[in-house]
Amino acid sequence: MANLVNLDNIHHSYHKKTVLNEISLAIPEGRLFGLLGPSGSGKTTLVKIIIGLLTPDSGTVRIDGELMPSFQLMQKIGYMAQSDALYNELTARENIQFFASLYQIPKKRQKERISEAAELVSLSDELDKTLETFSGGMKRRLSLAIALLHQPKLLILDEPTVGIDPVLRASIWDAFRKMQQAGTTIIMTTHVMDEAEKCDNLALLRDGSFIAEGSPADLKAKSGTATLEAAFLHFGGTENAHTGNH
Ligand SMILES: Nc1ncnc2c1ncn2[C@@H]1O[C@H](COP(=O)(O)OP(=O)(O)OP(=O)(O)O)[C@@H](O)[C@H]1O
């Protein structure tokens, strides 16, 4: 299967402090790929570089064979940031409509796409309520609906289920699976081990470098450990290290 995302030797630093070092990665089309790493390991920085929000000091990102950043490619990418960029005084529908216009979804397609996206995240009955009445979990789901509104080939999610209760988390994962079945490639960052466990492939990031890559089962087998958390500590070479898991 062709690779949708190719990262080649990415380096990045903030104020001379290296936060990403020699990052190379290939993600095949249709995969649910997890970037697992403790807080501060560089996950968000890497995600911002992949989508072209940040230019690395060196190295290249190609998506679908094209070099990033590319305005054309932005149309094929959906991004859900860690914090929700929503308008509280507007209704959910108005929020989605705003982004539908930004994505330049044709007017007659918008209504249909809004219903489909709302359905996917179980918000169909809440569309005409203002966000002031929304819980944190509802806002996260609305952000997800917005990220997938234009049916991107690549969906990038930065800790999509942080602060969400287990029932909602299950319904959000349901939405990811439906997207994946429809052919979308998904990259998600996480530091939650039970979520990492559900990814097809993982790259373990520590202090800005990949310390291991593979399916959750591969990583456990290679490290001879029973859990991903133990595998992470094994590859990091610090059995007592704190993983930042919370
Ligand atoms: N704009 C910035 N300026 C300076 N330093 C930054 C900036 N953004 C991030 N950093 C630093 O770069 C490192 C990596 O941060 P990043 O946000 O990529 O990590 P992360 O793995 O996404 O963390 P978390 O899980 O807490 O979101 C951290 O040490 C952070 O303090």
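Laboratory data are not the source of any read-out in this text; all were calculated from the coordinates shown. Quick caveat: nothing in here was measured; it's all calculated off a predicted structure. When we count neighbours, we look across all protein chains shown, and the Cβ atoms used for this are built from the backbone with ideal geometry, even at glycine.
Projected onto the charge dipole of the range 1-95 (+1 at Lys/Arg Cβ, -1 at Asp/Glu Cβ, origin at the Cα centre), which of 91, 51, 75 gives the Cα projection farthest towards the positive end? Checked the options; the winner is 51. Highest average first, the peptides 135-145, 87-97 ordered by how many other beta carbon atoms sit within 10 Å of their residues are 135-145, 87-97. Label separation (residue 207 vs residue 9): 2.3 nm, computed from points 7 Å beyond Cα along the C-beta direction. In this simple spin-label model, placing a label point 7 Å from the Cα along the Cα-to-Cβ direction at both residue 135 and residue 16 gives a separation of 4.9 nm.
Label the range 126-202 by shape, choosing from rounded, prolate and oblate, from the square roots a ≥ b ≥ c of the eigenvalues of the Cα gyration tensor; if a/c is under 1.5 it is rounded, and otherwise prolate applies when a/b is larger than b/c, oblate when it is not. It is oblate, given that a/c is not under 1.5 and a/b is not larger than b/c.
Distance between the 7 Å Cα→Cβ label points at residue 170 and residue 94: 3.5 nm. Between residue 194 and residue 82, residue separation times 0.36 nm minus the direct Cα-Cα distance comes to 38.5 nm.
Based on the convex hull around the alpha carbon atoms, the chain presents an average projected area of 13.6 nm². Once C-alpha pairs closer than 8 Å and six or more residues apart are averaged by separation and normalised to the residue number of the range 81-151, the relative contact order reads 48 percent. Taking a straight line from the alpha carbon of residue 76, these aspartates and glutamates sit under 19 Å away, with near neighbours fewer than eight places off in the same chain left out: 29, 64, 66, 112, 116, 158.
For the range 81-151, the spherically averaged projection of the C-alpha convex hull amounts to 4.2 nm². DSSP beta bridges confined to the chain are antiparallel in about 55 percent of cases.
In summary, the lysines within cross-link reach of residue 16, defined as a Cα separation below 23 angstrom excluding same-chain residues under 8 places away, comprise 43, 48.
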